[in-house]
Amino acid sequence: MNDRPARPSPVSQALASDRLGASAVVFFVISAATPLTVVAGVVTTGYATTGLIGIPVAFVFVAVVLALFSVGYVAMARHVAIAGAFYGFVSRGLGKPFGVGASWIALLSYNLLQVGLYGAAGAAAAPLVSEWFGVELAWWVFALVSWLVVAVLGLQHVDINGKVLAVLLLAEVAVIMVYSVSNLANPAGGEVTFDTLAPAELFGPGAGAILALAVLGFTGFESSVVFSEEVRNPRRTIAVATYVSLAAIGGLYAFASWAMSVATGPENIVGESRSQSSELLFTLANSQLGNGLATAGRVLFVTSILAAMISFHNTIARYMFALGRERVLPAVLGRTSPRTGSPVAGSVIQSAVGLVVIGLFALADWDPLVHLFYWGGTSGGLGILVLIVATSFAVGLFFARQPSGENLWRRLIAPALASIAVLVVLVLVLANFGTLLGTPPESPLPWLVPTIYGLAGLAGVLWALVLRIRRPLVYAAIGLGAKSPASLTGSASGEEYRGTRL
C-alpha cells in the first residue's frame, strides 16, 4: 500500500457539468429513437408481420406505460445522479451484484443498437450514391464514413454533439410531418378514416407482437438520465426532457403510422407494407409530393441513422465511464478529457468495437440490413426492455427503504403499477420474439439472444461478488456515481482506493 499523497491527475474524473439544457437532452433522446427509421421501417414491418392495423394505437398505449414508468424513474434520478443510469438505479434498489449485472447487459444492449446502425447506414446510402453518380460502392464504404464521423464527434464537447443532433433531428421530424400531412390530404377513397386508432385493435391474435414492436420503437427514451451529471438544474431538466421526449416520440409515431394507413386505406395497409416494406413511406411521398421531396426523405433517412449512432455512442461511453470511475471496470475508463470533458477511453473503445464489427461483416459478406441492423437492433431493444423491468422494481424498493421526500404516487403507486405493466410487455415481447426477428420456427436465435443476456447478467453478478471479496472498498462504492470516493478525490489514486486498483 502506498501512503504518499495522491498526485494531481492530468485527466479529470468528472464529466463536463452544466453543458446541457432540457432541449439538448431531448435531441439526444429522440435521435436515439430514430423517428424516421421507425416510421419507415418498424411501422411497415409491424403491419406486414402481424397482419394487424393497430400499430398507431399501440404506440399511444406504450407511451402511456413508459410515462408511468418514468414517474418513479425521474424521481429516483433526483436522488441518484450517475451516468450509468440502469447500473446505478439497480445497484441502489436491488443490490450491488444485480447492478453490475445490469451494467453488463446495458453495455451489450447499447453496443448491439449502435453497431447495428452501421449496417442500416451502409444499406441506405449505397443506392442513393448509385442513383446519383452511377457508382456502385459496397455498403461498408458508407459504414466506415459514418463510423469516422461518430468517432470524431464522440471525442468532442457533449454540447457539440447536441447541436449536430438538433440540426439532423429537426430536419428528420420536419419531413415526417410533411409526409404525414400529405398522406392525410390524400386519403384513399377520398375519406379520412380512424380505424387504426381504435383501442379494440390492441386485442386479438398477434396483438402482443405489435405491442412489442411499439416498445422497440421507443428504445433510447431512457437515456435522458444518462446525462444527469452534465445538465443544468438536473432536478428539473431530466424530468422535462424525459416527459417531452416520450410525448413527442409517441405522438409522432402514432400520427405518422395513422396517416400512412389513411393514404393506403386501412384495409390495404397490411398488403402494401408486405409488398413495399420500408419503401412504402417514400413511394407515397413520391406520388403525392414529387421525386424531389421523396429523395430528400431518403437522404434524411440516412442522416437519422447517423444521429442515432451519435446518441448511442455517447450513451455507451458514459456507461463505461461510470463503471471505470468506480473501478468496476479498469480505471482508465473513468477518466475524461481535460479539454472537452468527454469520456475518452470509453469513446475510443466503442469506436474500436464498431470498426471490428464493420470489418467482420464486410469480410464475411453477411447481410448488413438483416443480420446487422435488424437482428442487432431488435436484440438490443430486448436488452433495454429487460433493464427497464429491473429498474422499475429497483425504483420501488429504493423508495421503500428511503422515501426521500417524494410523495406516495411517485415513490410507491406509480412504480408498482409500472412494474406490472412493463413485466407484462416483456413477457409479450419474449413470446413474440421469433416473429419480431422474422426467423423461421427452427431458428435458435429467439432463445439464444435472451440466453446471452442471461449469461451476461450472471457474469456481472459473479464479478461483483468477486469484488466484494477481493476489493471490498471498490464493492462498497458501486452505484454511488459522482459521490463515489474516486470521483470525490479527483484522481485515480484517491485515499479510499489505495490498494484496490484494477
| With helices defined as uninterrupted DSSP H runs, which ones in the chain have an alpha carbon span along their own long axis of at least 20 Å and mean Kyte-Doolittle hydropathy of at least 0.0? | 55-77, 96-133, 139-153, 158-185, 234-264, 291-325, 344-364, 375-401, 414-431, 445-470
| message | Under a crude label model (7 Å from the Cα following the beta-carbon direction), how far is Ala247 from Glu267 in nanometres? | response | 3.8 nm
| Selection from Val100, Met177, Gly154, by position along the positive dipole direction of segment 58-184 (Cβ) | Val100
| message | Using a 1.4 Å probe on the protein heavy atoms, what percent of the accessible area of segment 148-307 belongs to carbon and sulfur? | response | 66 percent
| Ser304 accessible area, nearest 10 Å², 1.4 Å probe? | 0 Å²
| message | With n ≥ 4 as the cut-off for DSSP H runs, can you work out [θ] at 222 nm for the chain, using -39500 (n - 2.57) per run divided by the number of residues, rounded to the nearest 500? | response | -22500 deg cm²/dmol
| task | Taking just the C-alpha trace of the chain, give me its Rg and Dmax in Å. | result | 22.4, 82
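What Kirkwood radius, in Å to one decimal, follows from the Cα pairs of segment 39-166?
Taking every pair of different Cα atoms in segment 39-166, averaging 1/r and inverting gives 18.5 Å.
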| task | Using amide H atoms built 1.01 Å from N in the peptide plane, name the residues 5+ places from Gly265, or on other chains, whose amide H lies under 5 Å from its own. | result | Ala188
| message | Using a probe radius of 1.4 Å on heavy atoms only, what accessible surface per residue do you get for the chain? Whole Å² is fine. | response | 38 Å²
| field | Convex hull (Cα only) mean projected area of segment 234-311, reported in nm² to one decimal | value | 6.6 nm²
| task | Note down the nm distance, to one decimal, between modelled labels 7 Å out along Cα→Cβ at His79 and at Leu148. | result | 4.9 nm
| task | Could you list the square roots of 5 times each eigenvalue of the Cα gyration tensor of segment 71-121, that is, the equivalent ellipsoid semi-axes, sorted largest first and rounded to whole Å? | result | 25, 14, 7
| task | Just the number, please: carbon plus sulfur as a percent of the accessible area of segment 313-375, 1.4 Å probe, no ligands or DNA/RNA counted. | result | 76 percent
| Rg ratio (alpha-carbon, reference 2.2 N^0.38 Å) - segment 350-420 | 1.77
| query | Mean 1/r over all different Cα pairs, inverted: what Kirkwood radius does segment 161-281 give, in Å? | reply | 16.6 Å
| field | segment 324-480 - charge dipole about Cα centre, Lys and Arg +1 at Cβ, Asp and Glu -1, debye rounded to 20 | value | 940 debye
| field | Net charge dipole size for the chain [Lys, Arg +1 and Asp, Glu -1 on Cβ; Debye, nearest 20] | value | 2440 debye
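The values are calculated or read from the model by the stated rules, or taken from the named source; none is laboratory data. All of these numbers come straight from a predicted model, not from anything done at the bench. Note: ideal-geometry Cβ built from the backbone for every residue, glycine included; neighbour counts use all protein chains shown. Heads up: the accessible areas ignore ligands, DNA and RNA and are worked out on the full protein's heavy atoms, side chains in. Shrake-Rupley method; radii C 1.70, N 1.55, O 1.52, S 1.80 Å.
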